[in-house]
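The values are calculated or read from the model by the stated rules, or taken from the named source; none is laboratory data. This structure is a prediction, so every number in the text was calculated from the model and none was measured. FYI the Cβ positions are ideal-geometry reconstructions off the backbone, even for glycines, and counts take in every protein chain you see. Accessible surface areas use protein heavy atoms only, side chains included; no ligands, DNA or RNA. Shrake-Rupley method; radii C 1.70, N 1.55, O 1.52, S 1.80 Å.
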Amino acid sequence: MGPRQEHAVVVGAGGTFGSAIAARLAAQGLSVIGIGRSEAPLAALAETIGEGFTPLLADMGDDSAIPAIASTLSLPVAMVVHAPGLPVAGGVRDARPDLLAAACNIKVGGMLRLVRGAEARLRSGSRLVAIGGHYGFEPTAYAATAGVANAAVANLIRQLSWAYGEQGVTAHLIAPGPADSERLRNVAAARASRNGSDLEDELDAMRAESAIGAFVSAEQVAWAVSTLLAPEADALAGSTLFLDAGRRRGLP
């Protein structure tokens, strides 16, 4: 592989989705800046990916992330991907309001900080990508932070699409269904506590909410992100890709 000519910036690179996304984008020849708050997961990912990956410790919940990102970039930015984890606060009847606010700061404020940090390096055809989620469009009583924060980031993506569209920069939201991950098990545990049921029974019930009886994988999400690099993806500006394994029932 020759010299890498463009960056991809991936927030949450130490997480389930972010690590898969970072690895796939690096394999496609991009110089990946992987952002996280913990050093160990980023170091492990750097060892796995090798050439083409640069770790960056930054707190996307704070405005200090903006200059930290800007100062790390040395190439044009083909894509930014915001894939942070969220605090699990349980159901809306019990969730602490400050955790809902923190989730929105991470999802919405963090996405905006990411874009601001990369703004000077964007070019026509650059992609602004946020990883949202199924619960932002199909609210439940047991996933308050995921529902509220992901609904808010969907609105932000539409705003970014209009704000940057005249520069040829497009914004996209990917909304996966539940993925088999530690975070999913935390959500299932909160649901089990609310329902007075067993964790494994709740996981089975969550699988059954899919038309094909399946969770989504991190590799499937990474595939969708990499697909947006194609010039044909201009047509998806401002839209949401539902990777939910057939969970969504509403129209549109």
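Could you please let me know if Ser74 is at pLDDT 95 or above, open to solvent by 50 Å² or more (accessible area, probe 1.4 Å) and not in a helix (DSSP H, G or I)? Yes; evaluated as a whole, the condition is true for this residue. Of all residues in the stretch 44-71, those being open to solvent by less than 70 Å² (accessible area, probe 1.4 Å) and among the polar types (S, T, N, Q) number 2. Ile49 fulfils the conditions (1) within 21 Å of Ala130 (Cα to Cα); (2) under 20 Å from the mean Cα position of the chain (by Cα) except for a single criterion, (1). In the stretch 179-207, the residues that are part of a loop (DSSP other than H, G, I, E, B) reach residues that are of a type in the set (Ser, Thr, Tyr) with C-beta atoms within less than 6 angstrom, at least six apart or across chains, in these pairs: Ser181/Thr16. Give me a count of the residues in the stretch 51-71 that are within 15 Å of Gly36 (Cβ to Cβ), in a loop (DSSP other than H, G, I, E, B) and in contact with a Ser or Thr (Cβ under 8 Å, 6 or more places away or on another chain). So the answer is 1. Among the numbered conditions (1) surrounded by 15 or more Cβ atoms within 10 Å (Cβ to Cβ); (2) modelled with pLDDT under 90; (3) basic (Lys, Arg), the only one that Arg158 does not meet is (2). Screening the stretch 111-170 for residues that are in a strand (DSSP E or B) and not small (Gly, Ala, Ser) and picking the one that is farthest from Pro97 (Cα to Cα) gives Arg123. Only residues that are hydrophobic (A, V, I, L, M, F, W, C) and surrounded by fewer than 24 Cβ atoms within 10 Å (Cβ to Cβ) were counted across the stretch 8-25, and they come to 2.
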